[in-house]
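The values are calculated or read from the model by the stated rules, or taken from the named source; none is laboratory data. Keep in mind it's a predicted model, so treat the numbers as computed, not measured. Cβ placement follows ideal geometry from the backbone for every residue including glycine, while neighbour counts extend to all protein chains displayed.
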Amino acid sequence: MNSSEVTIHPVMLVGAGPGDPDLLTVKAHRLLGEVDVIVYDRLVAKPILSLIPETTERVFAGKRASNHYMPQEDINNLLVDLARVGKRVMRLKGGDPFVFGRGGEEALHLVRNGIPFEVVPGITSSAGCAAYAGIPLTHRGLAQGVRFVTGHSKSDEPLTLDWRSLADPETTLVVYMGMANVKEISQKLIENGLSDQTPVAVINMGTRPQQKTLVSTLTALPETVASSDIKGATLFVIGRVVTLADELAWFAEAAGA
Ligand SMILES: C[S@@+](CC[C@H](N)C(=O)[O-])C[C@H]1O[C@@H](n2cnc3c(N)ncnc32)[C@H](O)[C@@H]1O
């Protein structure tokens, strides 16, 4: 077949949510059975991968914060190449593709190379983890809003966050990818005026059977993390709403830390 006869299908940029397969959208679930190839990340939970038909091609493009298995540029090019040979392609990402997921970069690369795309949002991990930990991200009298930031910086470089505006007791702060910089996060928020007794929830592997939530304070946060054995996807919820976690706990978490 000559390349002009190839039908190009839109690449589907799909959010898989934070882990619990029941949190997949109906659309994401349907598409899993309709595409030819799925390019997926490390954060996509195994029970979700097990929903992929055996005949569907899978490409692992997983990455860790400091150890990229497949460089972003290669992922971008792979999506274009797969679409150009006429495959129905799904790019499956943990959480939501447009929240710290580099989905925007992939979409730009596709559109700039003449490949159509669609986005299927997923439940971002902050929403999923907070809900499963019994923490409303906003709550009358406790938090008027919520901010999502990344706590990841290029190796050995300090974080370039606007600490003064983040140190706001009226707003819940959710830090994605903050484990490596936990000391700096705690110290900068305190230096910029947030009470050192501000409650913090460290939520690990949220929405999954092994979910663990450690409740700490801003000043004790680095020690809480250091003395725990948590590994893998973790985020911090910082703010007064964390005080509700005890009373609103509904999800059976794994024991211990
Ligand atoms: C590269 S970001 C991807 C975020 C994703 N696009 C989203 O919307 O949730 C990866 C970070 O998300 C957070 N994360 C993702 N899934 C999580 C989970 N199940 N439990 C706790 N944190 C999670 C962690 O902070 C992790 O380091």
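Cβ-Cβ distances below 6 Å connect the following pairs, each with a first residue in region 232-257 that is closer than 11 Å to GLY206 by Cα, a second residue that is aromatic (Phe, Trp, Tyr) and at pLDDT 95 or above, and a separation of six or more residues or different chains: LEU235/TYR176; PHE251/TYR132. Taking each residue of region 122-147 that is of a type in the set (Ser, Thr, Tyr) and looking for partners that are at pLDDT below 95 with beta-carbon atoms closer than 9 Å, six or more apart or interchain, yields THR124/GLY101; SER125/LEU43; TYR132/GLU253. Quick check: anything in region 207-224 under 19 Å from the mean Cα position of the chain (by Cα), outside the structural domain of LEU24 (by TED's automatic domain parsing) and either among the small types (Gly, Ala, Ser) or modelled with pLDDT under 95 (or both)? Checked region 207-224: no residue is under 19 Å from the mean Cα position of the chain (by Cα), outside the structural domain of LEU24 (by TED's automatic domain parsing) and either among the small types (Gly, Ala, Ser) or modelled with pLDDT under 95 (or both). When we screen LEU23, LEU79 for residues that are at pLDDT 95 or above and more than 12 Å from the ligand (Cβ to nearest atom), the only hit is LEU79. Among the residues making up region 10-23, a single one is more than 14 Å from the chain's Cα centre (by Cα) and assigned to a loop (DSSP other than H, G, I, E, B): PRO10. Check GLU118, GLU54, GLU105, GLU73 and return the single one that is among the charged types (D, E, K, R), under 24 Å from VAL149 (Cβ atoms) and exposed (fewer than 15 other Cβ atoms within 10 Å of the Cβ). None of the other options fit; the residue is GLU105.
When the residues of region 49-63 are narrowed to those that are under 24 Å from the mean Cα position of the chain (by Cα) and not in a strand (DSSP E or B), which ends up modelled with the lowest pLDDT? Ranking the candidates gives GLY62 first. Inside region 202-244, residues that are within 16 Å of the ligand (Cβ to nearest atom) and either surrounded by 16 or more Cβ atoms within 10 Å (Cβ to Cβ) or not small (Gly, Ala, Ser) (or both) make up a count of 29.
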